[in-house]
Amino acid sequence: MAIESNQVSQCYDNQTVEFFYNKSGKFISPMWRTRDFVVVGLGLTVCVIVILANILVMTAIIINRRFHYPIYYLLGNLAAADLFAGLAYLHLMFHTGPWTIRLTPYRWFLRQGLIDTSLTASVVNLLAVALERHQTIFTMQLHSTMSVRRVLLLILAIWTVAVLLGLVPTMGWHCLCNLPACSTMAPMYSRSYLVFWAVLNLLTFSIMVAVYTRIFWYVRHKSRRMSQHTTNARYRETVMSLMKTVTMILGAFVICWTPGLVVLLLDGLHCIPCQVLKYEKYCLVLAECNSLMNPIIYSYRDEDMRRTFKRILCSLCGRGRGRHWGTVSGIRFNTQEEEVLSQSIGL
């Protein structure tokens, strides 16, 4: 019994990554296969598109004063999280397949930590967007009165939480000293950490869905009681349009990430018959595609954003120089009362 106890508590810090993969049953092929070339080729292509698309979103929010409000700063930070995810997946593509064998445990933890940090940043940011929308809608505002300083502090807090959660396995919640606790999909992560991480994110998803359901119920109930005055009609239309945009963003995120989190949860629960490795690659591709969805949603839902995208691209092509940025729509409403004032002076 004492010998078995010593074997369980023995640490394997000096072992190779291949050692942990073989122990977990996730074998690494030393040779490049056709599937490896396809996965890396498609992955690199998607990563480049994700990076460029989210840089475009961030640039549009910065240069167009129409978007200089807390909700758009948070959406811009979501684009930054997607940009970070694109970079994290780009790093993953150069450290996957047969290249995985060359990784040290530290570099493997770095690879996984980048992915974890990007997901956490997106989740926490979406939760902040949901709470911001809840606060503004229930106070009959279009945009929050939160100061720029407070928004920046909130964004800093989001990234602090994301980085800390991304570092948790590296700081000790791993299985280097307890091989029987190693997961299959992430052979150096403890299964208990996968359960914690998956449950935490799925619970956060549920909270956000509940918040948006309550907001939509409130807006629908309030709309029935409001008169058909032009001001009220425009206010409702603008609020609902913005709500639909952020809800589509949340919906795309949940759809793209839930399968992967469920598979991680099953792996953490040590569900051997589930054969999680069969679904790992598909879930990874689906999660990676999420970072490309938001720019598409912006282009489809927001005319001002779409118009700003066109001006940026035309400017890069050498056309459209000399135009004034930041006055695409000329509308800068904070509250319903400001909209009434704007209409009264003929704006």
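The values are calculated or read from the model by the stated rules, or taken from the named source; none is laboratory data. All values reported here derive from a predicted model rather than from experimental measurement. All Cβ positions, glycine included, derive from the backbone under ideal geometry; neighbour counts span all protein chains shown. Remember, those area values only see protein heavy atoms, side chains included, never the ligands or the DNA or RNA. Shrake-Rupley method; radii C 1.70, N 1.55, O 1.52, S 1.80 Å.
Within segment 238-250, if we keep just the residues that are without any contact (Cβ under 8 Å) to a residue 60 or more places away in the chain and out of contact with any helix residue (DSSP H, G or I) (no Cβ under 6 Å at 6 or more places or on another chain), the residue that is surrounded by the most Cβ atoms within 10 Å (Cβ to Cβ) turns out to be MET240. Restricting attention to segment 305-330 and to residues that are small (Gly, Ala, Ser) and either modelled with pLDDT under 80 or part of a loop (DSSP other than H, G, I, E, B) (or both), the residue that is least open to solvent (accessible area, probe 1.4 Å) turns out to be GLY326. From the set of residues in segment 251-264 that are more than 15 Å from SER291 (Cα to Cα) and in contact with a Leu (Cβ under 7 Å, 6 or more places away or on another chain), which is most open to solvent (accessible area, probe 1.4 Å)? The selected residue is PRO259.
Give the residue, chosen from VAL263, VAL239, that is out of contact with any His (no Cβ under 8 Å at 6 or more places or on another chain), among the β-branched types (Val, Ile, Thr) and modelled with pLDDT under 85. Break it down into steps so the answer makes sense when it comes.
Details: VAL263 fails: modelled with pLDDT under 85.
On inspection, the qualifying residue turns out to be VAL239.
THR59 fulfils the conditions (1) over 22 Å from LEU152 (Cβ atoms); (2) open to solvent by 10 Å² or more (accessible area, probe 1.4 Å); (3) within 21 Å of the chain's Cα centre (by Cα) except for a single criterion, (1).
Scanning segment 97-139 for residues that are at pLDDT 85 or above, surrounded by 16 or more Cβ atoms within 10 Å (Cβ to Cβ) and of a type in the set (S, T, N, Q) turns up THR100, GLN112, THR117, SER118, THR120, SER122, ASN125.
If we scan segment 138-161, do we find a residue that is under 21 Å from SER118 (Cα atoms) and touching a strand residue (DSSP E or B) at 6+ places or on another chain (Cβ under 7 Å)?
Let us first name the residues in segment 138-161 that are under 21 Å from SER118 (Cα atoms), namely 151-161.
Pick out the ones that are also touching a strand residue (DSSP E or B) at 6+ places or on another chain (Cβ under 7 Å) and you get none.
No, there is no match, as no residue in segment 138-161 is under 21 Å from SER118 (Cα atoms) and touching a strand residue (DSSP E or B) at 6+ places or on another chain (Cβ under 7 Å).
Among residues of segment 203-221 being among the hydroxyl-bearing types (Ser, Thr, Tyr) and surrounded by 13 or more Cβ atoms within 10 Å (Cβ to Cβ), the one that is nearest to THR120 (Cα to Cα) is THR204. I need a count of the residues in segment 24-46 that are touching a residue at least 24 places away in the same chain (Cβ under 8 Å) and among the aromatic types (Phe, Trp, Tyr). So the answer is 1. For segment 11-47, the candidate set comprises residues that are aliphatic (A, V, I, L, M) and open to solvent by 70 Å² or more (accessible area, probe 1.4 Å); within that set, the residue that is farthest from SER315 (Cα to Cα) is MET31.
Looking at the structure I just gave you, is ALA53 surrounded by 24 or more Cβ atoms within 10 Å (Cβ to Cβ) and in a helix (DSSP H, G or I)? It would help to see each step written out before you state the result.
Numbers: surrounded by 24 or more Cβ atoms within 10 Å (Cβ to Cβ): no; in a helix (DSSP H, G or I): yes.
No, not satisfied.
With the condition kept exactly as written, say whether any residue in segment 153-162 is surrounded by 15 or more Cβ atoms within 10 Å (Cβ to Cβ), touching a residue at least 24 places away in the same chain (Cβ under 8 Å) and over 18 Å from the mean Cα position of the chain (by Cα). The answer is no, given that none of the residues of segment 153-162 is surrounded by 15 or more Cβ atoms within 10 Å (Cβ to Cβ), touching a residue at least 24 places away in the same chain (Cβ under 8 Å) and over 18 Å from the mean Cα position of the chain (by Cα).
Scan segment 259-279 for residues that are in contact with a helix residue (DSSP H, G or I) (Cβ under 7 Å, 6 or more places away or on another chain) and in a helix (DSSP H, G or I) and the total you get is 11.
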